[in-house]
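Q: Structure provided below as structure tokens; questions to follow.
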Amino acid sequence: MDTLQSMKVFVRVAQLSGFAAAARDLRMSPAAVTKHVAALESRVGSRVFDRTTRSISLTEPGRIYLEHCLGCLQAFEDADASMSELSKEPKGLLRVTAPLDLASVAAVAARFMNAYPKVTVDLQMSNRPVDLVTEGIDVAVRVAAALDGGNVARPLALARMGIFAAPAYLRKHGRPRRPEDLEHHRGLVFLEPHPRDEWMLERDGSRVRVKLSSALTTNSGAALCAAMVEGAGLTACPSFLARDHLDAGRCELVLPEWKVLPELHVYAVYPHRRFLAPKVRAFVEALRAAYGDPTKDPWWPETVRPAAATKPATRRRSVRSS
């Protein structure tokens, strides 16, 4: 059998953790996938997977072989990409991952496919950490304060954090006038990668840390904002989640003179390659064009509405047991 094709099949089985899933992805029959893996195992003289009726997992030799296969396949891709006549036009399958709540990536991908009809896109929306090489991802869009140096990262935009609340909530519970007032309000808290129930605010070089009373926790930014606009509490979230609600008057920015830390950045991340595939290079440039200046926040409102007249926040009195 074709050893290179068998290596490709093996890699997809490992990445997708299943023979059936790999068969669907590669548009092959499950029997053909099984034959390719069996041919590789016969060639290397070792099992690469431990199989049960419900799951498969890589053996130790399989993990080592996977690493070498990925390097070998990357070398073939680099060799193809180095041939100018074959690499002028972006084409093929582009695998992209992005945070669940950064829906604007889907719009960029759609425009990209319209511009390059020979490209198809597999867009995976997920908040979980992704190993780009192991999972076969071409480009990851990530929102973070900083990234490690394991991959190439191109900054796309800022994403400022703000504190937001519905007008009805502020009328009922009062508008916080200083960071310490936040501790007496209902907090809506984002869970991933850990509960963000402490907020750090900065103004004129001074920083204040406040601890929230969590009324709701969720791993969905959209759910967080939905609860916020219904008046369930205050939330701190990136500008791209709140902008539409701000424009529609469904929420207001609280303590606008204070900066909520950390300041986030939107990055395009891809594995380091000597020869970057045209589809990857073109998509990264499409992202950069869509988001504009990487030093600015395209979602942050240029002007903030003046604060409506609301009653001051009510402090909770602590009760000691005698």
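Q: Can you pull out the residues in the stretch 240-255 that are under 16 Å from Leu188 (Cα atoms) and surrounded by 21 or more Cβ atoms within 10 Å (Cβ to Cβ)?
A: Leu241, Ala242, Cys251, Glu252, Val254
Q: Select from the stretch 6-64 the residues that are of a type in the set (Lys, Arg), assigned to a helix (DSSP H, G or I) and more than 32 Å from the chain's Cα centre (by Cα) and list them in ascending order.
A: Going through the stretch 6-64, the residues of a type in the set (Lys, Arg) turn out to be 8, 12, 24, 27, 35, 43, 47, 51, 54, 63.
So of that shortlist, the ones also assigned to a helix (DSSP H, G or I) come out as 8, 12, 24, 35, 43, 63.
Once the filter is applied, which keeps residues that are of a type in the set (Lys, Arg), assigned to a helix (DSSP H, G or I) and more than 32 Å from the chain's Cα centre (by Cα), the stretch 6-64 yields Lys35, Arg43.
Q: Right, next: Modelled with pLDDT of 90 or more, at negative phi and not β-branched (Val, Ile, Thr): which single residue out of Leu255, Leu276, Leu264 fits that description?
A: Working: Leu255 fails: at negative phi; Leu276 fails: modelled with pLDDT of 90 or more.
Within the list Leu255, Leu276, Leu264, the selection yields Leu264.
Q: When you check Val210 against the structure, is it among the β-branched types (Val, Ile, Thr), free of Cβ contacts under 8 Å to residues at least 40 places away in the same chain, over 30 Å from Gly92 (Cβ atoms) and assigned to a strand (DSSP E or B), yes or no?
A: So Val210 fits the description; yes.
Q: Mind checking which pairs have a first residue in the stretch 249-271 that is more than 25 Å from Gly231 (Cβ to Cβ) and a second that is surrounded by 20 or more Cβ atoms within 10 Å (Cβ to Cβ) and of a type in the set (Ser, Thr, Tyr), Cβ under 7 Å, 6 or more apart or different chains?
A: Val266/Tyr291
Q: A further question on this structure: May I ask you to list the residues in the stretch 25-36 that are within 17 Å of Gly136 (Cβ to Cβ) and either exposed (fewer than 14 other Cβ atoms within 10 Å of the Cβ) or not charged (D, E, K, R) (or both)? Give the derivation first.
A: Going residue by residue through the stretch 25-36, those that are within 17 Å of Gly136 (Cβ to Cβ) are 25-28, 33, 36.
Answer for the stretch 25-36, where residues must be within 17 Å of Gly136 (Cβ to Cβ) and either exposed (fewer than 14 other Cβ atoms within 10 Å of the Cβ) or not charged (D, E, K, R) (or both): Leu26, Arg27, Met28, Val33, His36.
Q: Residue by residue through the stretch 172-200, note down the ones that are surrounded by 15 or more Cβ atoms within 10 Å (Cβ to Cβ) and either part of a strand (DSSP E or B) or of a type in the set (Lys, Arg) (or both).
A: Arg175, Arg186, Gly187, Leu188, Val189, Phe190, Arg196, Trp199, Met200
The values are calculated or read from the model by the stated rules, or taken from the named source; none is laboratory data. Predicted model, so just to flag it, every value in this text is computed and none were measured. Virtual Cβ from ideal backbone geometry, glycine too; neighbours counted across all protein chains shown.
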